[in-house]
Each structure stands twice: as C-alpha cells, then as structure tokens.
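Bear in mind that the values in this text are calculations on the coordinates, not laboratory data. Keep in mind that what you see is a predicted model, and the values were worked out from it rather than measured. Backbone-built Cβ (ideal geometry, glycine too); neighbour counts: all protein chains shown.
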C-alpha cells in the first residue's frame, strides 16, 4: 500500500513537469503567427531612377501569405539593399515618390534588352528568382532580390498572448494534479472526519 502511494505521488509530481508549458511553448514556436510577405506573381515590377538620391525606386506588388489581396510597394534599392538581403522588410515609401523620376526600362532577358537598344540605365528581370540586375550598357551595376520577410508584428502578438498561455498552462497542471491527488484528498478528509 505504501509503495503504491509513493508511485502515485511520483507520477503526480512528474505530470506537471511533463505537461507544464504546453500552451506557452506552442505560442513561442517560430512558425506561430509567422506570416511572410513576398512578391506576388506576376510582380509587375517598375523601376525609377532619382538623380538627386543616386538611387533606384523599386515598385512591385506584394502579397502576404495569409491574404488574397495584393498591394503595391515601393522602396529605395541601395538604401535598403543590406536589409532586404538579410530578409528584413525595407523602409517602404509612398508611391508618390516616383513622380518626376526617370523610368528605368525592365526587360525579361538580355537579348530583348540588346535588341531594343536600351537607355543608359536598364534592368533585366529574373521572375523565377524574384530579382533583377541593373545595367549600364554592358556593365552590370548590381543585383537586387525583391523582399521576402516575416511579419514584423509576430513578436508583439506572442508577447501579448503569453499571460493567457501561462494561465492555461497553470490550469492544466492544477487540473491534472487534482485529478491524480483526488483519491488521497478524499481518503485524508475521511480519516480526519472520524
């Protein structure tokens, strides 16, 4: 009888350790609330050059993986290149920024660009990789991959929901503890009542 009680007691102590943190750990999984933003297909890329900034305004269509609607986005290429390569969202600009800028022609391949005798500055788009290369004549000036990044509000949602997850975890542990201990609680109450 004593061995059975010790086994039940050890089992009862192990359950909270095994179950503890289920809701909280699930909430903090890297994929929870991880909505990615990425270029739409087709992305409808437009480029504009600013003489004052010496930068290219990149305009494209972006989709969020959990939505069906798309929206136009614009960002300065050189200003955001490092962040875009690190998979963080660029600092987006108003679409009005393109007013007064020089249009940079975008071609689907090098042959098409050569046959149309491009302007001083032009781009070759690789839609399979969602990136483009800037050219001046035959000289490549650089590549730019279009942004793919995680929703920046993921962490905020996780932090906001953590107190509720901790309460759920505590309720689960307490419920399991009471369920396992209930026969011993009844037995103790019965012995004290006599």
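The slack between residue 78 and residue 129, meaning 0.36 nm per residue of separation minus the straight C-alpha distance, is 16.5 nm.
For region 36-150, report the translational diffusion coefficient in µm²/s to the nearest whole number, using Stokes-Einstein at 20 °C, 1.002 mPa s, and a Kirkwood Rh over Cα pairs.
On the way: Rh = 14.4 Å.
Rounded, D is 149 µm²/s.
Our estimate of slack between residue 38 and residue 53, defined as 0.36 nm per intervening residue step minus the Cα-Cα distance, is 2.8 nm. Approximating the spin labels as points 7 Å out from Cα along Cα→Cβ, the residue 22-to-residue 119 distance works out to 6.2 nm.
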